[in-house]
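Report on the structure given below.
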There are 2 protein chains.
Amino acid sequence: MDTQSIIDFFREKGHKVTSQRLAICKFILSRKDHPTAEQIYQKLRGEYPTISLGTIYKTLHLLEELGLIQELGFNERRVRYDPDMKLHINKVCSKCGKITDYKTENVEKFWSAIISDLKIKPKGQRIDLYYECDDCK
Amino acid sequence: MDTQSIIDFFREKGHKVTSQRLAICKFILSRKDHPTAEQIYQKLRGEYPTISLGTIYKTLHLLEELGLIQELGFNERRVRYDPDMKLHINKVCSKCGKITDYKTENVEKFWSAIISDLKIKPKGQRIDLYYECDDCK
DNA sequence: GTAACTGCAAACGCTTTGCACTCCC
DNA sequence: GGGAGTGCAAAGCGTTTGCAGTTAC
């Protein structure tokens, strides 16, 4: 999603476009490591010295409402934000907490088999696989 | 897991058996609705009027360490506790938050195909499927 | 007897909220 | 110009921690 598409998207949905909102949105959508609000804050306060955690949270909630990101509660206290709304597996290292996304055709195939078994309309999903990553072995 | 097995299990692992610990353990292991610490507290304080939330949390952490239960962070603030450590899908209503477990042979096949693709030793998993339950439709 | 466990209350830390100020549109 | 958005600080709230008293073994 490029900058102009994001701007158009907000306006279509009736939300104003501010530089903070745009920066948070561009940042989270480009990340694959499921950052926390604090990490986003630390990263953006260089360019936007007056940005506040409150604004980060409000923007993230807006993005979730609009269906652009997903909140993932892991068993740390903090929530992480995942910009990938499509079917994928979060490979989570149970020691260091590092998260890597994983996708294959097999995931798609087997998931759709399960969905059709269940006869329900899925609204989303979240699949975690816990393991020990190479660095922690 | 019956009462005697729980007692034996604690002793084998070198932990003392107290009436509080036993009650918490029996309660959570029998539940399929992934209760929160507060719900466990409210339920048990009838029989154990002096039991404290601190004890509930300490016991739940012990049970997790021992591999008897799993902590599930959903996007509420509270953590839920799931006594089913085996492969299953948490069907989560995205409106009311109700959770139902689901298991089939297809789920097993789905997961083992993915595991063998990935060539890693899984240490656990967590699969959520979000939908709208009948009551919320 | 003593080390582990409990209960209480205070501390913690992430997240939310309220409100005056600002800035898109 | 007006209402949505921001920034700040305080409040909220689930969870953790410390410690004195208690209990299992």
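Only the coordinates and a few stated rules stand behind these numbers; no lab work does. What you see is a predicted model, and the numbers here were worked out from it, not measured in a lab. Don't worry about glycine lacking a Cβ; one is built from the backbone with ideal geometry, like all the others, and counts go over all protein chains shown.
For the stretch A:16-54, the set of residues classified as charged (D, E, K, R) and touching a residue at least 60 places away in the same chain (Cβ under 8 Å) consists of A:Lys32, A:Asp33, listed by residue number. Restricting the stretch A:71-86 to residues that are buried (at least 17 other Cβ atoms within 10 Å of the Cβ) and more than 9 Å from chain B (Cβ to nearest Cβ), the residue that is farthest from the chain's Cα centre (by Cα) is A:Arg80.
Taking first residues from the stretch B:1-15 that are without any contact (Cβ under 8 Å) to a residue 24 or more places away in the chain and partners that are charged (D, E, K, R), the Cβ contacts under 8 Å between residues at least 6 apart in sequence or on separate chains come to B:Thr3/B:Lys26; B:Ile6/B:Lys26; B:Phe10/B:Lys16; B:Phe10/B:Arg21.
Considered as a group, the residues in the stretch A:43-58 that are within 12 Å of DNA strand D (Cβ to nearest atom) and assigned to a loop (DSSP other than H, G, I, E, B) include one that is surrounded by the most Cβ atoms within 10 Å (Cβ to Cβ), and that residue is A:Ile51. B:Asn90 fulfils the conditions (1) within 16 Å of A:Gly124 (Cβ to Cβ); (2) buried (at least 16 other Cβ atoms within 10 Å of the Cβ); (3) within 7 Å of chain A (Cβ to nearest Cβ) except for a single criterion, (3). Within the stretch B:1-34, restricting attention to residues that are farther than 18 Å from B:Arg80 by Cβ and of a type in the set (Phe, Trp, Tyr), the residue that is surrounded by the most Cβ atoms within 10 Å (Cβ to Cβ) is B:Phe10. Within the stretch B:52-110, which residues are in contact with a Pro (Cβ under 6 Å, 6 or more places away or on another chain) and within 12 Å of DNA strand C (Cβ to nearest atom)? Of everything in the stretch B:52-110, nothing turns out to be in contact with a Pro (Cβ under 6 Å, 6 or more places away or on another chain) and within 12 Å of DNA strand C (Cβ to nearest atom). Taking A:His61, is it part of a helix (DSSP H, G or I), more than 9 Å from DNA strand D (Cβ to nearest atom) and within 14 Å of chain B (Cβ to nearest Cβ)? Judged against the criteria, A:His61 is a match. Sort out which residues of the stretch B:11-29 are of a type in the set (A, V, I, L, M, F, W, C), within 10 Å of DNA strand C (Cβ to nearest atom) and under 12 Å from B:Leu60 (Cβ atoms), and write them in order of number. Within the stretch B:11-29, B:Ile24, B:Cys25 qualify. If you check A:Arg126 against the conditions, is it loosely packed, with under 15 Cβ neighbours inside 10 Å, touching a strand residue (DSSP E or B) at 6+ places or on another chain (Cβ under 6 Å) and either closer than 18 Å to B:Leu118 by Cβ or touching a residue at least 24 places away in the same chain (Cβ under 8 Å) (or both)? Criteria not met by A:Arg126.
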